[in-house]
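**Q** So that we are looking at the same thing, I have put the structure below in structure tokens.
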Amino acid sequence: MKAFEKAIEKLLLICAITATLSVVIITLFIFKEGVSVLKDYGIVNFIFGSKWSPTNGQYGILPLIAGSLSVTLGALVIGIPTGLACAIFLSEVAHKRSAKVLKSAVELLAGIPSVVYGFFGLAVLVPGIRQYILPMVQLINKDATTSGFSILAGAIILAIMILPTIVSISENAISSVPIEYKEASLALGANHQETITRVIVPAAKSGIISSIILGMGRAIGETMAVILITGNMPKVPGSALDSVATLTGTIAMEMGYATPEHQKALFAVGIVLFIMIVLLNIAANFTLHKLGGQTND
């Protein structure tokens, strides 16, 4: 029996080492391929340059960063309130049987391929924005135009895609709040709504923030759905109806036909994306640690 346990421990150790080495090797490969462009073109020019035109030797990725951040922030603006409200409803309002069915339906969204979301956006959202949203915007700004391929379309689709992450983790965090908190609040005269907003949700804030951070990571790393509906125009957007290109979308579209120098520039884009995700994780861990410390105090 001890020999079997030792074998399992060794196997788990090998799996852990393999996973860690895979990340290290991929990171080293990306940096090896992309660092030369950053050196030759200049890090400042590369990150803050406003023109992405590989055929002309211009590799400014500021429009790509702006496109990725705008679509991601738009998705969070839509997805966070929707996901949190859904999680609260499932854990505190809905009947247990109904909540179980609804939670399964929400989690089913995570199994839908991203290209299907992209086709849905292409067939429904893009024409809908062009036909219904644009006329309303033109009542305020007559010069407004859009093809429908826009930040708004990408944000809506990404918001739907991150819902399973936000809803599932937030619902688990809210359900894990000790029942004594709720009973004490109600005993002190608070109603159900006040108990949810002032006691239960604040007590579950660490889990809720974790769900938001994971959803953000999913949104900023999404590729296929974004390619189909954002328009892939490398320019700094001026409104939610503008077409944009993202970091991931640009890499996916251009890598297949890129020249050697262009490929290295795309690897450099990958380096920037990698650093953004690392900084996101550091900020997430710092925030969770700070919240945990406040909770303990």
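Every number in this text was worked out from the coordinates using simple rules, so none of it is lab data. As the structure is a prediction and not an experimental result, all values here were calculated from the model. Counting neighbours? That spans all protein chains shown, and the Cβs are built from the backbone with ideal geometry, glycine included.
**Q** Nearest 0.05, what FRET efficiency do residue 20 and residue 193 give at R0 = 51 Å with Cβ-Cβ as r? Working shown, then result.
**A** Working: r = 46 Å, r/R0 = 0.91.
Result of the calculation: an efficiency of 0.65.
**Q** Which of rounded, prolate, oblate describes the chain, given a ≥ b ≥ c as roots of the alpha-carbon gyration tensor eigenvalues and a/c under 1.5 marking rounded, otherwise prolate only if a/b is larger than b/c?
**A** Oblate.
**Q** Past the 19 Å Cα-Cα mark, which pairs from 39/264; 205/290; 100/205; 235/264; 182/205? Don't skip to the answer; put the middle values down first.
**A** On the way: 39/264 11 Å; 205/290 12 Å; 100/205 23 Å; 235/264 21 Å; 182/205 15 Å.
Correct reply: 100/205; 235/264.
**Q** Which lysines, on any chain, are close to residue 10 with Cα under 23 Å apart, when same-chain ones fewer than 8 places away are left out?
**A** Straight-line reach from residue 10, under 23 Å: 2.
**Q** Moving to a separate point now. What angle, in degrees between 0 and 90 and rounded to the nearest 10, separates the Cα long axis of helix 2-41 from the longest principal axis of the Cα atoms of the chain?
**A** Relative to the chain, helix 2-41 is tipped by roughly 40 degrees.
**Q** I would also like to ask the following. What does the charge add up to near residue 106, with Lys and Arg as +1, Asp and Glu as -1, over the other residues with Cβ less than 13 Å from its Cβ? Present the calculation step by step, with values, prior to reporting the outcome.
**A** On the way: positive: 100, 103; negative: 107, 171.
Local charge sum for residue 106: 0.
**Q** Any chance you could check the Cα centroid distance between segment 142-198 and segment 13-29 for me, in angstrom?
**A** Rounded to whole Å, the Cα centres lie 35 Å apart.
**Q** Output the relative contact order of the chain, whole-number percent, from Cα pairs under 8 angstrom with separation of 6+ residues.
**A** Worked out over the chain, it gives 27 percent.
**Q** Rounded to the nearest 0.05, what FRET efficiency do residue 10 and residue 239 give with R0 = 51 Å and r taken as the Cβ-Cβ distance? Could you check?
**A** Values: r = 57 Å, r/R0 = 1.12.
So, using R0 = 51 Å, E works out to roughly 0.35.
**Q** Once every DSSP H run of n ≥ 4 in the chain is given -39500 (n - 2.57) and the sum is divided by its residues, what mean residue ellipticity at 222 nm do you get, rounded to the nearest 500 deg cm²/dmol?
**A** -23000 deg cm²/dmol
**Q** Taking the 0 to 90 degree range and rounding to the nearest ten, how far is the long axis of helix 205-221 tilted relative to the main principal axis of the chain, both from C-alpha atoms?
**A** 20 degrees
**Q** List the residues, sorted by chain then number, that are 5 or more residues from residue 58 or on another chain and whose placed amide H is less than 5 Å from its amide H.
**A** Here 53 satisfy the definition.
**Q** Count the net charge of all other residues whose Cβ sits under 10 Å from the Cβ of residue 158, scoring Lys and Arg as +1 and Asp and Glu as -1.
**A** Charge balance in the 10 Å sphere: 0.
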